[in-house]
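Taken together, the values in this text are just the output of simple stated rules run on the coordinates, not laboratory data. The structure presented is a predicted model; accordingly, all values stated were derived computationally and were not measured. Please note: Cβ atoms are built from the backbone with ideal geometry, for glycine as well, and neighbour counts cover all protein chains shown.
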Ligand SMILES: Cc1cc2nc3c(=O)[nH]c(=O)nc-3n(C[C@H](O)[C@H](O)[C@H](O)COP(=O)(O)O)c2cc1C
């Protein structure tokens, strides 16, 4: 099983990045592949809503030729797409929202083109947040569940840890063990 982690925090070495480490270790320890991609150092413009991608068959088809093409290649290669993000204003970061909006060319629903470039893939969430879990993550999780329904993707679940004392919150045995257990649950469901 191939994983791609899209890491959406603008802080490349802090809480969300820290939570990704044990998750990735466990995936690799089980013989699966994982690609880790940070979004904050990529050039990914917001979707312009031009709908050009909807008239291009079998290709992504976005006229904005930026790093979203690299992300699309990784998504197409992966069996499971992991959205790793801090919760910002009850949703994901702007870096990740740009990627989510730019998913449009992976679906062909609204023009002359037909077919999907990503149907059937799994999507999972790794999140960090300052508020209590349910209150903090529920809107983002709901949005991703609906995106999955809309796009024919399989929503595979969420693991999150609350930021109580900055980085050390993500270095506890509980946080590390939880991230590893989540990785195993994704691998088990797949096999
Ligand atoms: C601009 C901004 C908005 C935030 N909004 C929320 C929020 O809506 N809910 C929440 O629980 N935490 C919120 N937080 C806290 C972060 O989600 C939390 O500190 C996270 O662990 C930071 O991850 P990072 O170190 O990877 O950037 C916010 C933080 C920032 C900087």
Honestly the chain on the Cα gyration tensor test (a ≥ b ≥ c root eigenvalues; a/c under 1.5 rounded, otherwise a/b vs b/c for prolate or oblate) is just prolate
The rounded separation in angstrom of the Cα centers of segment 73-127 and segment 138-191 is 15 Å
In degrees, nearest 10, the alpha-carbon axis of helix 133-151 is tilted away from the dominant principal axis of the alpha carbons of the chain by 30 degrees
Mean separation of Cα contacts under 8 Å (at least 6 apart) over the residue count of the chain, i.e. the relative contact order in percent, is 27 percent
Segment 2-190: antiparallel bridges as % of DSSP beta bridges, rounded to 5, reads 5 percent
To the nearest 10 degrees, the tilt of helix 15-29 (Cα long axis) against the first principal axis of the alpha carbons of the chain is 90 degrees
Within the set 84, 124, 175, GNM on the chain using Cα springs under 10 Å gives the largest fluctuation to 175
Between residue 30 and residue 101, the FRET efficiency computed from the C-beta separation at R0 = 41 Å comes out, to the nearest 0.05, as 0.80
